[in-house]
Amino acid sequence: SPFSFTSRLLHIMMIFDTNPSDDNNNIVIVPPQPDFAFQTQDEFSYSNLYCYDDTVNNTSTTNTTATANAGTTPSRSVSVATNSTSTLSSKESSTTAIADTNSTNDKNTKSSRDPRNGAFTFQVHAEYDLLLHIQKDLDKHRNMRRGQGKSSSDDVELSRLIMKSVDEYCLQKQWMYHIGSEKGVAIGRFLRAGVESFRDKQLKQAMGGEVKKFICVELGTYCGYSALVLASTLRQFMQEQEQEQQNQNQPFEFQIYTTEVSSKLLNVAQSVFRLAKMEHYITPILVNSDDDASKIDEAEKKNRQRRRSELSQTLLNQHGATRIDFLLLDHAKHLYLDDLRDLEDAGLLRAGSRVSADNVVFNRLDAYRDHVHKLELEGVVESRLEEMNLEYSNNLKDGMEMTVYLKDPPIR
């Protein structure tokens, strides 16, 4: 079994050499004392992420129901503005995946994993087993480069190597709910268009003064794959700006904030960020979990709304984020709409902000898409649906809603 080694360890803790000059970044794996929290629902609730359908009284469905609905199309499609001034260009709107020689395409790559480890199967220690797999792949890469007399890889290359390692693990060993390479390419393309627009506006402003950072927020860290998609895209853009050696008085800067409800998964993600040398650009935030909307009564709704506002207040008060330039939604599905409204009302989503929402087709998140469609009718946003397969599968239909704010959203 691919999990026998991890199962014998029971729990594993990743401890790194804290010397930043050490290129090896070796991992020491030690079995810690039994942790009761590891046995709580916190660690197993992720199986519900794909089981939410907001078209039926905001109630969660079972795995069987979710899988049965996977092939259905959303009940309403979001139209895309077709005039020549559309913020969503024809290049962006294309659903054809951009060729990327540094990653696998899970849409076209045949899975060789055991069917018993296929979609919607969950292994308790899979995240830790994956981390060991990544480390082994990076060790092979470093040894190969040393043998060729080459210098160590930079953060962009390391991120791509890690994402490729994750893709191979999920296709060959165990299905997991990382964003996957097909969706990763789509997100990277959408993000790239947003950062280019941001940079153009930045350079048109008067020289001097405080340089504004490009701010990304991701809801749903998991093991850090999608955060690396964001970071590698922005770091590549930064490198291109530095190579041009222009506008050095206004250097491009960015920061990514990623939220997670599980401290153990956040530890795994932080290990991944350090292996990719991206920890400086990614700020992990541990947030409180929230009950499913179907499990709270009317008396709890006010408290639930208060908890939702904690997201915007955390970003504003603890991290000084005054706006969000790019938002990626890939957390608990029943929270998409509430969290989007919270960030809108807090003034963090403004004209120019971009939002990418995953799993809107598979989970039939019509309430979320209805909200976006209403904003589109009001001229606040432009939005499109990019349909593709569910990650690491060949026959489960999914899609991402890509939205651009043309003006500040109304506060309701």
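Please find, within the range 346-390, the residue that is least open to solvent (accessible area, probe 1.4 Å) out of those that are among the acidic types (Asp, Glu) and over 30 Å from residue 288 (Cβ atoms). Among those that are among the acidic types (Asp, Glu) and over 30 Å from residue 288 (Cβ atoms), it is 386.
Would you point out the residue of the range 199-219, among those that are modelled with pLDDT of 95 or more and either open to solvent by 10 Å² or more (accessible area, probe 1.4 Å) or farther than 21 Å from residue 358 by Cα (or both), that is nearest to the chain's Cα centre (by Cα)? The qualifying residue nearest to the chain's Cα centre (by Cα) is 215. Put simply, of 178, 133 the only residue that is in a loop (DSSP other than H, G, I, E, B), under 27 Å from residue 359 (Cα atoms) and open to solvent by less than 60 Å² (accessible area, probe 1.4 Å) is 178. Name the residues in the range 262-308 that are hydroxyl-bearing (Ser, Thr, Tyr) and either at pLDDT below 95 or open to solvent by less than 30 Å² (accessible area, probe 1.4 Å) (or both), would you? Residues satisfying the conditions are 262, 263, 271, 289, 294. Here residue 343 meets the list (1) open to solvent by less than 10 Å² (accessible area, probe 1.4 Å); (2) over 18 Å from residue 177 (Cβ atoms); (3) touching an Asp or Glu at 6+ places or on another chain (Cβ under 6 Å) almost entirely, failing just condition (3). Of the residues 152, 112, 90, 84, only one is open to solvent by 20 Å² or more (accessible area, probe 1.4 Å), closer than 25 Å to residue 328 by Cβ and at pLDDT below 90; which? After ruling out the rest, the residue left standing is 90.
The set of residues in the range 372-387 being in contact with a strand residue (DSSP E or B) (Cβ under 6 Å, 6 or more places away or on another chain) and touching a residue at least 40 places away in the same chain (Cβ under 8 Å) consists of 372, 376, 382, 383, 384, 385, 386, 387. Does residue 311 meet the test of being under 22 Å from the mean Cα position of the chain (by Cα), at negative phi and at pLDDT 95 or above? For residue 311, the condition - under 22 Å from the mean Cα position of the chain (by Cα), at negative phi and at pLDDT 95 or above - is not met.
The values are calculated or read from the model by the stated rules, or taken from the named source; none is laboratory data. Model, not experiment: these values are computed from the prediction. Cβ atoms come from the backbone with ideal geometry, glycine included; neighbour counts cover every protein chain shown. Protein only, heavy atoms only, side chains kept; ligands, DNA and RNA dropped before computing areas. Shrake-Rupley method; radii C 1.70, N 1.55, O 1.52, S 1.80 Å.
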